[in-house]
Amino acid sequence: MALLMLLLSSLLLMPSCEKEEVNNDPLLQSFGPSPALRGGELRFIGQNLGEVTAVIFPGVTGGTVQVTDIITVNEREIKVVIPQDAGVGIVTLVTTMGEIKTLTPITYSEPISISKVSPLKVKPGETLTIEGDYLNLIKRVIFVDNVAVEAGAFLPGQTRKKLQVTVPAEAQSGKIIISNGEEIPIEVYSESDLEVVLPSVAAPADLTGKKPGEVIEIAGSDFDLVVSLLMPNGDEVPFEVIETEAGEAIRFTLPANMTDGVVIVLPASGVEVAIANIGLALPANVVATPATGLRAGDLITLEGLNMELVTSLTFPGVAEAVEPESKTATEVTVTMPDAATSGNLLLNTGSGVSVEVAIETLKPTFTAYENSTVPLGDNVVITGEDLDLVSRVQFTGGAEVEVSSSSPASLTVAMPTMNVESGILTLFMANGESVEIESLTIEAPLFAFIPILPGEEEEIKAGGLFGIEVTNLDKLTTVKVNDAEVKFIVAGNMMYITIPQIAANATKLTLVSSNGSIDYTLNVMPMGQIENVVYHGPLNLDWGTYTIAPDAFVDFTNGTVTLKITYAVTGDGDAQIKFYNGHWEQMLQRFNDGNDTYLFDPNSNVVEFELTQEELVMLQTLTDWGQSMIFHGQGVVINNIVAVYKQALETTVWSGDVDLAAFTLNYEVKPPSIFLDADVKAGMTLRIYVDSYGPEPMLQFFNGHWERIYGDISIDATNSAVWSDNVISLPIDAAIAANLREYIDWGYCLIVQGQDCILKKITIE
């Protein structure tokens, strides 16, 4: 009734809808139960009750009883246990801001009480007896961590004075609670703590130096309670409980991935019991032979103790671990990978712990230059030892050259003509390690050369006029573009040429002097389509023999060619034409509907014939009789014949035949310079050509440092935005261009993984 009065009082005092200042003062709205049970819980409901520091009850014989052990449920609810010597009267809440008194006094009922709990040490599954008064009212027995036994599970024979329950498997040590199960329940705590039996050992076993695969037996008691056994890394391992002459023991096998730490067992209660400490065995006293002067492909022998524990080895500079060639308890052998560098070789164990052994790679050594002063663009000859290890050479100024040498004692380097200055040279090995050698003096060449090439921002267009400053112009005799001679003019210190229409992307420019030549690479913006008139009309076909010059198609190499004929029908006989190559072999018959002549449409004035690659080759090669194409016919006036050349703007950077299987192969695209050579940049398109053979073809791409590009998902055939007819087209932005150009110091520039497809070709456009 008191609780109800307080709730009604709080409702009457509810604020209106008008906005008021927020009040952070503690406020009591209700308390209960009342009548209450001494030794039970008393709840207080209100606002900001977290500020309550003590609860003061009146005493049975006068005075007060103060309780400071307050259970804070939340800011709206607190709980305290009513002292056995608490009396009837007003209850006071002490807060940081003053005191709050209940409006009504607390009263008490005849108490539900606990006089005895037995046994005080009990095993899950055994019977627990609770004695006291009014136990017939009890609906729940609650163990620590809210593990409850409901009335329906009580053992038969519950009376006012006694009840019995079976101790649950999840029970933990601590006080028990009996409850009448009401909405605001009466709950009584036992005075003594209940000890719930756990699995136990006399002392944790010492497993120092133990190895994976060893069978461990640990003596103890109550192992029948164990539901799981956990290794230090948290992995659960199988176990069995066995009987021994001394009692019982738990038996398990140490797993391959065992680590240092504590082995624990868990009963159903989840209480952890330590049964052993592991100090695992590791490879020890390891000696590498050889440890220095190592080359890729060398076999390294590692001798020591516990070597059978080695599962793999990780070389410095190599991300992927490698498997041992052989393994015994005292020796492991392993082959040195191509990309391995000097540093610590890691011997990995199944536990995840690694042991380090220092190794050092063989380095090339420098003796001398054949000539310490060399003209720009000339060959540099280096003598020394182990020079066959060198894969590229970097000049002062930044220019780099890919090299190879079959002679350890001598290395010839074709010097670039740009970004080269006098100074040191850096010799790079395939694994990315480098050695600096003595300074080289570079002199200006005596022949004609370009001192400064156009920047990337300057557009050089196919078919356009190109002018550039040239030093030693008086020495210049010939200019070639892609090895074909072109006309040039000189004005002051400038040279001018017309870039051929068919030039594209990386175009080779050669300046030839009387005393030498030098090559450059120009980034030419190609023409997508070129139209060359290969026969000039007008011509009235009258079955005469007409020919097209033998060099009409010679430059068409990287694209498609279409013959476009503009004409007018005269009405003199059937309007028809026949075509032959330079050896009088008839061609283009597929357009003739099974006949040997093509009949012109009198209602049109233009016709186009697309040449196959085979036909184009014939027109380019079968010219030794003095003509490339021969044609004749009647009834038509030919205006002209035009060869329409559509140039392919796609550059193949890699081709091959690699089965990617099921993500089991990491294919490393080499050489690392392919994207540099192709001058890859933002705005281009990367295309990957594959042959798919499985139900779910997929690809994923990484740069040369194993950083994923093109997102975190695999590119599969269901993504029509990038995958069409076994061709994947991916945009190249600035970040991806930098990835493809720069992350190459591990010897490759792109890593491809996939499944259900064969990698055939990689291009950029």
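Considering only region 252-284, state which residues are at positive phi and at pLDDT below 90. Give the derivation first.
From region 252-284, those at positive phi are 261, 270; that's our starting set.
Result: 261, single match.
The residues of region 49-87 that are part of a loop (DSSP other than H, G, I, E, B) and within 22 Å of residue 27 (Cα to Cα), listed by number, are 68, 69, 70, 75, 76, 82. Taken residue by residue, region 237-246 has no member that is on the phi > 0 side of the Ramachandran plot and of a type outside the set (A, V, I, L, M). Only one of the numbered conditions (1) at pLDDT below 95; (2) not in a loop (DSSP other than H, G, I, E, B) is not met by residue 110, and that is (2).
Restricting attention to region 525-555, and to residues there that are under 53 Å from the mean Cα position of the chain (by Cα) and in a loop (DSSP other than H, G, I, E, B), which single residue is surrounded by the most Cβ atoms within 10 Å (Cβ to Cβ)?
We begin by selecting, within region 525-555, every residue under 53 Å from the mean Cα position of the chain (by Cα); these are 525-532, 552-555.
Next cut, in a loop (DSSP other than H, G, I, E, B) only: 526-528, 552-555.
Working: 526: 21, 527: 21, 528: 13, 552: 21, 553: 26, 554: 14, 555: 17.
Of everything passing the filter in region 525-555, 553 is surrounded by the most Cβ atoms within 10 Å (Cβ to Cβ).
Of all residues in region 431-461, exactly one satisfies the criterion of being in contact (Cβ under 8 Å) with a residue 60 or more places away in the chain, surrounded by 14 or more Cβ atoms within 10 Å (Cβ to Cβ) and among the polar types (S, T, N, Q), namely 431.
Filtering 658, 637 for residues that are touching a Pro at 6+ places or on another chain (Cβ under 9 Å), of a type in the set (Val, Ile, Thr) and either closer than 19 Å to residue 568 by Cα or not assigned by TED's automatic domain parsing to the domain that holds residue 568 (or both) leaves a single hit, 637.
Residues are listed down the side, and each one gets a yes or a no for (1) assigned to a strand (DSSP E or B); (2) in contact with a Ser or Thr (Cβ under 6 Å, 6 or more places away or on another chain):
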residue	(1), (2)
115	yes, no
124	no, no
129	yes, yes
132	yes, yes
145	no, no
149	yes, no
152	no, no
157	no, no
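Residue-by-condition table, conditions (1) outside the structural domain of residue 35 (by TED's automatic domain parsing); (2) touching a strand residue (DSSP E or B) at 6+ places or on another chain (Cβ under 8 Å); (3) closer than 19 Å to residue 58 by Cβ:
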{"position": "75", "(1), (2), (3)": "no, yes, no"}
{"position": "80", "(1), (2), (3)": "no, yes, yes"}
{"position": "84", "(1), (2), (3)": "no, no, yes"}
{"position": "88", "(1), (2), (3)": "no, yes, yes"}
{"position": "91", "(1), (2), (3)": "no, yes, yes"}
{"position": "94", "(1), (2), (3)": "no, yes, yes"}
{"position": "97", "(1), (2), (3)": "no, no, no"}
{"position": "106", "(1), (2), (3)": "yes, yes, yes"}
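So is residue 560 touching a Lys or Arg at 6+ places or on another chain (Cβ under 7 Å), closer than 28 Å to residue 453 by Cα and of a type in the set (Val, Ile, Thr) or not? Judged against the criteria, residue 560 is not a match.
Kindly indicate whether residue 244 is in contact with an Asp or Glu (Cβ under 8 Å, 6 or more places away or on another chain), closer than 30 Å to residue 389 by Cα and free of Cβ contacts under 8 Å to residues at least 40 places away in the same chain. Outline the logic, then answer.
Numbers: in contact with an Asp or Glu (Cβ under 8 Å, 6 or more places away or on another chain): yes; closer than 30 Å to residue 389 by Cα: no; free of Cβ contacts under 8 Å to residues at least 40 places away in the same chain: yes.
Criteria not met by residue 244.
Every residue, every condition in (1) farther than 13 Å from residue 637 by Cα; (2) among the basic types (Lys, Arg); (3) free of Cβ contacts under 8 Å to residues at least 12 places away in the same chain, yes or no:
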{"position": "549", "(1), (2), (3)": "yes, no, no"}
{"position": "557", "(1), (2), (3)": "yes, no, no"}
{"position": "566", "(1), (2), (3)": "no, no, no"}
{"position": "576", "(1), (2), (3)": "no, no, no"}
{"position": "581", "(1), (2), (3)": "yes, no, no"}
{"position": "586", "(1), (2), (3)": "yes, no, yes"}
{"position": "592", "(1), (2), (3)": "yes, no, yes"}
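Among the residues of region 364-393, the ones that are among the charged types (D, E, K, R), at pLDDT below 85 and either assigned to a strand (DSSP E or B) or touching a strand residue (DSSP E or B) at 6+ places or on another chain (Cβ under 6 Å) (or both) come to 0 in all. The set of residues in region 712-738 being farther than 23 Å from residue 659 by Cα and either assigned to a strand (DSSP E or B) or modelled with pLDDT under 80 (or both) consists of 721, 731. Please specify each residue of region 556-599 satisfying the condition of being aliphatic (A, V, I, L, M), over 21 Å from residue 624 (Cα atoms) and not in a strand (DSSP E or B). Correct list: 575 only. For beta carbons closer than 7 Å, sequence separation of 6+ or different chains, a first residue in region 506-530 that is over 28 Å from residue 647 (Cα atoms) and a second that is among the aliphatic types (A, V, I, L, M) and outside any loop (DSSP other than H, G, I, E, B), the qualifying pairs are 513/476; 517/511.
Listed here are the residues, each with its yes/no results for (1) more than 28 Å from residue 391 (Cβ to Cβ); (2) surrounded by 14 or more Cβ atoms within 10 Å (Cβ to Cβ).
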site	(1), (2)
692	yes, yes
706	no, no
709	no, yes
715	yes, yes
718	yes, no
723	yes, yes
737	no, yes
740	no, yes
755	yes, yes
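Being under 49 Å from the mean Cα position of the chain (by Cα), surrounded by 13 or more Cβ atoms within 10 Å (Cβ to Cβ) and hydrophobic (A, V, I, L, M, F, W, C) is the requirement here; does residue 229 meet it? When the stated conditions are applied, residue 229 passes them.
The values are calculated or read from the model by the stated rules, or taken from the named source; none is laboratory data. Remember, it's a predicted structure, so these values are computed and weren't measured experimentally. Backbone-built Cβ (ideal geometry, glycine too); neighbour counts: all protein chains shown.
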